[in-house]
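Bear in mind that the values in this text are calculations on the coordinates, not laboratory data. Owing to the predicted nature of the structure, the values given are computational and were not obtained by experimental measurement. Methodologically, a virtual Cβ is constructed for each residue, glycine included, from the backbone with ideal geometry; neighbour enumeration extends over all protein chains shown.
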Amino acid sequence: MILVTGASGALGRLVIEHLAARPAEAPDVVAGTRNPERVPAGVPVRRIDFDDPASLAGGFDGVDTLLLVSAGYGEDDAVIARHGAAIDAAEKAGVGHIVYTSLSAAGDHLPYALAHRWTERRLRSGTAGWTILRNGLYAELLATLTPVVDGAITAPLGDGRLAAVAREDLAEAAALVAADAAAHAGRICELVGEEAVGGADLARARSAATGTAVAYEPGTLAQAREAFTALGLAPFQVPMLVGTYSAVAGGFLSGTGGELRDLLGRAPRSALEIAAASQPG
Ligand SMILES: NC(=O)c1ccc[n+]([C@@H]2O[C@H](COP(=O)([O-])OP(=O)(O)OC[C@H]3O[C@@H](n4cnc5c(N)ncnc54)[C@H](OP(=O)(O)O)[C@@H]3O)[C@@H](O)[C@H]2O)c1
């Protein structure tokens, strides 16, 4: 049995769809989520909340492979406690293999890297088999960070570019690995994109897609911080978002390559097309 946590999230739902589409004789897939009502009908569901020990006691019984989708929204101590509790419970239940959706090595400068690296270290010193999927940042996230407002993308990316990845591709890769976990035991897979996308690229692509001129006007990190703060985001979210711009602008996330094409057995989707098509505005 394969259990996927975070099954009502954007990534988890896509993974479940891929796993559910396998032939009937494939091992069962079970959706683990805090929100069972949001999981597509027809997939068995268990309520799994890393913050709720009661849901973890017995939550992983009978599971051979656990796909642990990171629950990264929070301060480091909260995220570490969540991931630690989930891994403790999985080991206690005798789960054979844990596949974890982590963050690309290039993301080490990002404010949310630490909890990922902690989780990787915990898995590597644990008793279950493991595979670490070091996901690059989503093309869809890049779109969210670069909305078109009044005909312009104002985002403090400077000349920096991001080797963004389609979330759908990362979901498919995760499903492929989870379905054949033993073949990927002990692997750390770097899953970044094959094209690096910057603000000017997005403006051009968006202009071409809509037939309306879109400019790129990089602002400053201070302006972005002020705008996010004014939106009333949770305190931990502001440095996460500003730090993401900063890492892209600093050129730390532009490295392309990785193992995504090998895992998928095909070329990844175009991050530029997806980001331009998903851009709010
Ligand atoms: N690579 C990137 O660009 C990128 C961008 C954003 C986030 N992420 C990370 O990747 C993860 C998946 O991305 P996504 O696009 O699916 O994000 P999402 O749609 O916002 O979903 C958030 C996920 O976190 C899970 N979660 C939150 N609190 C939890 C808890 N206490 N116990 C168990 N699960 C919990 C949710 O599970 P349920 O609601 O189903 O319980 C859900 O799957 C995120 O959680 C975050 O850590 C990566």
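Note down the net charge around Ala85, summing +1 for each Lys or Arg and -1 for each Asp or Glu among other residues with Cβ under 10 Å from its Cβ. Don't skip to the answer; put the middle values down first.
Working: positive: Arg82; negative: Asp49, Asp51, Asp52, Asp88.
For residues surrounding Ala85, the net value is -3.
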Debye, to nearest 20: dipole size of segment 83-123, +1 on Lys, Arg Cβ, -1 on Asp, Glu Cβ: 40 debye
At R0 = 25 Å, FRET efficiency that the Cβ-Cβ distance of Asn35 and Glu75 yields, to 0.05: 0.70
Full-extension gain in nm, Asp88 to Ala185, via 0.36 nm per residue minus C-alpha separation: 33.0 nm
Highest average packing first - 61-72, 34-45, Cβ atoms within 10 Å: 61-72, 34-45
Leading residue at positive end of dipole, segment 144-226 (Cβ point charges), from Ala174, Gly151, His184: Gly151
Under Karplus coefficients 6.51, -1.76 and 1.60, residue-wise ³J(HN,Hα) of segment 203-220 in Hz, glycine/proline x: 4, 4, 5, 5, 4, 5, 5, 9, x, 10, 4, 10, 9, 10, 10, x, x, 10
Under the Karplus curve 6.51 cos²θ - 1.76 cosθ + 1.60, θ = phi - 60°, whole-Hz ³J(HN,Hα) for segment 48-55, x wherever Gly or Pro sits: 10, 10, 4, 8, 10, x, 4, 6
DSSP-assigned coil residues among chymotrypsin sites (Phe, Trp or Tyr not before Pro) in segment 1-92, each with at most 15 further Cβ atoms within 10 Å: Tyr73
Between segment 75-118 and segment 180-208, the Cα center-to-center distance that results, in Å: 21 Å
